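**Q** There's a structure below that I have some questions on.
The values are calculated or read from the model by the stated rules, or taken from the named source; none is laboratory data. Model, not experiment: these values are computed from the prediction. Counting neighbours? That spans all protein chains shown, and the Cβs are built from the backbone with ideal geometry, glycine included. These accessible areas exclude ligands, DNA and RNA; they are computed on the full protein's heavy atoms, side chains included. Shrake-Rupley method; radii C 1.70, N 1.55, O 1.52, S 1.80 Å.
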Amino acid sequence: MSSRPVGGTEALSDVAPSTTEFLAAVAARQLVGKQRVFAGVGLPTLAVDLARRTVNPDLELVYESGICGAQPEGLAEGIADSVLVSGAAAVLGMPALFGYVLQGGHIDVGFLGAAQVDRWGSLNTSVIGDWDQPRVRLPGGGGATEIMPNAGECIVVLRRHDPGALPARLDFCTSPSPVRAHAEDPRMVPPGHGVSTVITPMAVLRRPEKLGELVVSEVHPGLTVDEVRAATGWDIPVADDVRETERPTVEQIRLLREEIDTVRLYLR
């Protein structure tokens, strides 16, 4: 891993944008100034841990198993891992977690995974292909159907950027965006923004307006706007102030590899 100086202070790593380290570092950067995040396992686990060590030490972690104010001493292997329970502020039942904490508007950011994301930020985590004879059957929505409308905003990290992962039309809509909900019934405008940010191996896509669509906001180093647009399943707009994604620092990469995920549970 090589590096170069940045303004005489930190040094930037040259890890490839397709790596888990790069994606986790970009995701962690989105948590600056946030108070409470509904975190999942996998890449979100890396991102929230890195954010607490670098840009937001006061970040409060909430997990779908009911754990609130988690203070994990190690890397969690699941949403009910004992390292999350030990030292946590509270462990709640599902009615309290979803009915009070989430629906009560106490979550700033929800981290969501998806197999597909459309231009409005709706998610598919159910099937790829035809519903009756799918090519791939996925785990389903889980808590995402509650997180999407009730969290202040949602961040999605995709490990692919191609028309299959970002299609013009979802194979199935598991978690509708506020746009889709509003189209079904104009009286249905969820309190949350829905998906605000999608991070892919090629770019950072943002959805500035609650009833708007995704736009190309940042393009990762070594790539062009035209390449990002060509790999997207619809004619995606480009922000007026589109810029190159900031690389992770050498220290962020060191933290991920040497302190956060030393056994390479999630790093690839």
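**Q** Which count do you get for residues in region 22-40 that are touching a residue at least 60 places away in the same chain (Cβ under 8 Å) and either in a strand (DSSP E or B) or open to solvent by 10 Å² or more (accessible area, probe 1.4 Å) (or both)?
**A** Going through region 22-40 one residue at a time, the tally reaches 9.
**Q** Here's a follow-up. For region 92-125, enumerate the residues that are outside any loop (DSSP other than H, G, I, E, B) and either surrounded by 17 or more Cβ atoms within 10 Å (Cβ to Cβ) or under 20 Å from the mean Cα position of the chain (by Cα) (or both).
**A** Listed by number, the residues that qualify are L97, F98, V101, L102, V109, G110, F111, L112, Q116, V117, L123, N124.
**Q** Looking at (1) within 17 Å of the chain's Cα centre (by Cα); (2) under 19 Å from P237 (Cα atoms); (3) acidic (D, E), find the lone condition where E146 falls short.
**A** (2)
**Q** Any idea which of A11, A16, A25, A70 is in contact with a helix residue (DSSP H, G or I) (Cβ under 7 Å, 6 or more places away or on another chain), closer than 20 Å to S196 by Cβ and of a type in the set (G, A, S)?
**A** The match here is A25.
**Q** Moving on. So P176 ticks every box in (1) closer than 26 Å to Y266 by Cβ; (2) touching a residue at least 12 places away in the same chain (Cβ under 8 Å); (3) open to solvent by 40 Å² or more (accessible area, probe 1.4 Å) but one. Which box is left unticked?
**A** (1)
**Q** Within region 219-262, how many residues turn out to be closer than 30 Å to E73 by Cβ and more than 19 Å from the chain's Cα centre (by Cα)?
**A** 9
**Q** Of the numbered conditions (1) assigned to a loop (DSSP other than H, G, I, E, B); (2) touching a helix residue (DSSP H, G or I) at 6+ places or on another chain (Cβ under 9 Å), D162 satisfies every one except a single condition; which is it?
**A** (2)
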